[in-house]
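Report on the following structure.
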Amino acid sequence: MNKEYKGKKLSVLTADMDYQHFVQYKGSCIEDVDGCITLYLFMEKCDGNLDDIYIEKGLGSRKMIDICIETAKGVNFLHKHGIVHRDIKPQNFLVKDGIIKICDVGHSKEEDKIVTIGTQRGTKKYHPPEIMNDYSIHTPKSDIYSLGMVFCEVWKDGWTNSTGLLSSLSNTDTKQKVQKAMKKIITGCLHNDPNNRPDIQTLLKQLYSI
C-alpha cells in the first residue's frame, strides 16, 4: 500500500468523526523503514464484536432487523467515500454501548483500484462467487454479498458455508422463522450475478421498509 493511498484512507477516517456506525479514529502514526510505509491507526475501545454479543443469542425479529440496518449503515459510510471493504464478516462489526460499528479496513480499497490478481482478500466463507477465482474483481456488490452472509448469521445460527446457508433459506423451518420480507432481502444480497444485487442505498431502503 503506497503513501498516497494511506493518506486517502486516513482522510476517510477523519472526514466524519461523529459517524456512529464507523469505529472512531483516535490517532495515528506513520513508520517509514527504507521506503516501506506502515500506517498505524488507533481506534476507540469497544465492548466486543457482533459475533460475541448478538449472534446465537435468541434475539427477537425487531432487534435482528435493527442489527441488519446498523451493519448496512456502516457499509454505506465506506461506499459513499468510494471504499470497498473486502472483508465484511461479523467479527468486523464492533459493538459499543449497543451501537454497531464497522471496523478493520485493512483489506479495503478505493473503488477504482480494486483488482486483485492471484490472491483472495478477506475471509473465504463470506466471499461472493465472482471472487472465488484467481482473477478477482472486488466491487461494492462484493460487499453486498458478504453483508447478506452476515444477515443470515444474524437470523439463523450455525450456517458454516454458503451452500448450506442458501439451502437453509429454502427449508420449512427457516421460512417459519424469517419474515418473508427479510428472506427476500437476503436472497437479493446473495444473488450469484452481482448486477442483480441491490446497492447499499437500495438495501437500506428495503430494510427500513420492514
Tell me, please, whether a residue that is surrounded by 18 or more Cβ atoms within 10 Å (Cβ to Cβ), in a helix (DSSP H, G or I), out of contact with any Phe, Trp or Tyr (no Cβ under 8 Å at 6 or more places or on another chain) and at pLDDT below 90 can be found in the stretch 140-160.
yes
Can you tell me which residue is modelled with the highest pLDDT among those in the stretch 167-185 that are assigned to a helix (DSSP H, G or I), over 21 Å from LYS141 (Cα atoms) and of a type outside the set (Ser, Thr, Tyr)?
LYS180
Select, from GLY48, GLY74, the only residue that is small (Gly, Ala, Ser), within 30 Å of CYS29 (Cβ to Cβ) and buried (at least 19 other Cβ atoms within 10 Å of the Cβ).
GLY74
Within the stretch 13-40, considering residues that are crowded, with 17+ Cβ neighbours inside 10 Å and over 30 Å from TRP155 (Cβ atoms), the one modelled with the lowest pLDDT
LEU13
Hey, among GLY188, GLY164, which residue is modelled with pLDDT under 70, surrounded by fewer than 20 Cβ atoms within 10 Å (Cβ to Cβ) and part of a helix (DSSP H, G or I)?
GLY164
Test SER136 against the stated conditions and say whether it is surrounded by 13 or more Cβ atoms within 10 Å (Cβ to Cβ), of a type in the set (Gly, Ala, Ser) and either part of a helix (DSSP H, G or I) or at pLDDT below 90 (or both).
yes
Which of the numbered conditions does ASP112 fail, given that it passes all the others? Conditions: (1) more than 21 Å from TRP155 (Cα to Cα); (2) among the charged types (D, E, K, R); (3) at pLDDT below 80; (4) not in a helix (DSSP H, G or I).
(4)
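The values are calculated or read from the model by the stated rules, or taken from the named source; none is laboratory data. This structure is a prediction, so every number in the text was calculated from the model and none was measured. Glycine gets a Cβ as well: all are built from the backbone with ideal geometry, and neighbour counts include every protein chain shown.
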